[in-house]
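This report concerns only the one structure given below.
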């Protein structure tokens, strides 16, 4: 399903929604550093006493909470111990990333800055919906130079499931724009598609992460594109005027 086959009525165009919530990792950027990765691993060692890594799980599309739980379960940490120490582990991650923020080195994907600017200038509400912890996610976005475009963000500090994060995003967008507001998520994993559908949102899938078109299209997102550059080739400016 390409950008030209959006299913939403009435305009059937990718710019026809009221709010757009972007995932971070694999959607806005690819991290060329190991700041977040190392912080997760160090938290498991320092808080739970387990010298392991998150590489033991397929973490793409998972939240930070889910990644920690799955990784630690593999090395024998039970539910009770995990829950008891979780607040301390999350704080460790936040502080470790903050200490190493100067080493963040994101690669912003092709078409992302232009797409975000286009949506902002056309008056759309922009937000972030990420499985990262809030402070970690904002550090990453800040490092891209795009932070000022986003009016709010929803993260995984209190939500282990991506659908919970997305539900909070819909709630925030409709509080700001009204109950009839249409919300479109932009993400790179099957979990993004499933979560968007579960909360009644729309979804544009981008193939900039580890998942490819053949992984995402069968889930029937509203559109499946190679990168956001494809969106920029389909912008009827007369229908979606820009702010000065």
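Given 0.36 nm per residue, what is the gain on full extension from residue 179 to residue 83 after removing their alpha carbon distance, in nm?
On the way: separation 96, 0.36 × 96 = 34.56 nm, distance 3.51 nm.
Extra length from residue 179 to residue 83 when fully extended: 31.1 nm.
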What is the fewest-to-most order of 58, 124 by other Cβ atoms lying within 10 Å of their Cβ? 58, 124
Taking Cα atoms, the helix 35-48 axis meets the longest principal axis of the chain at an angle in degrees (rounded to 10) of 40
Which whole-number percent gives the relative contact order of the chain, counting Cα pairs below 8 Å spaced six or more residues apart? 29
Taking the DSSP beta bridges in the chain as the whole, what percent of them are antiparallel, to the nearest 5? 15
To the nearest 10 degrees, the tilt of helix 162-177 (Cα long axis) against the first principal axis of the alpha carbons of the chain is 50
So, in nm, how far is label residue 58 from label residue 134 when the simple model puts each one 7 Å beyond its Cα toward the Cβ? 3.2
In nm, the gap between the two label points placed 7 Å beyond Cα toward Cβ at residue 114 and residue 213 is 1.9
Cα gyration tensor category, rounded, prolate or oblate, for segment 1-160 with a/c compared to 1.5: prolate
Say we join alpha carbon atoms closer than 10 Å with springs in a Gaussian network model of the chain; which of 54, 204, 28 then has the biggest fluctuation? 54
Return the calculated 222 nm mean residue ellipticity for the chain, to the nearest 500 deg cm²/dmol, obtained by summing -39500 (n - 2.57) across DSSP H runs with n ≥ 4 and dividing by the residue count. -12500 deg cm²/dmol
For a paramagnetic label modelled at 7 Å from the Cα of residue 32 toward its Cβ, which residues of segment 88-124 fall within the zone defined by backbone nitrogen distances under 14 Å? 103-110
What's the percent breakdown of Cα-Cα distances in segment 35-103 across 10 Å bins, shortest bin first? 22, 58, 19, 1
Measuring from label point to label point, each 7 Å out along Cα→Cβ, what is the residue 148 to residue 95 span in nm? 3.3
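Quick one: length gained pulling residue 227 to residue 105 fully straight, 0.36 nm per residue minus the C-alpha distance?
Contour length minus the Cα-Cα distance gives 41.9 nm.
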Per the C-alpha gyration tensor (a ≥ b ≥ c, the square roots of its eigenvalues), segment 175-216 is rounded if a/c is under 1.5, else prolate if a/b beats b/c, else oblate; here it's prolate
With Cα atoms, 0 to 90° folded angle of helix 134-144 axis to the chain main axis: 60
Using the number of other C-beta atoms within 10 angstrom as an exposure proxy, rank 148, 60 with the fewest first. 148, 60
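Values in this text are rule-based calculations from the coordinates and carry no lab data. Computed from a prediction, not measured in an experiment: that's the story for all the values here. Positions of Cβ are backbone-derived with ideal geometry, glycine not excepted, and every protein chain shown enters the neighbour counts.
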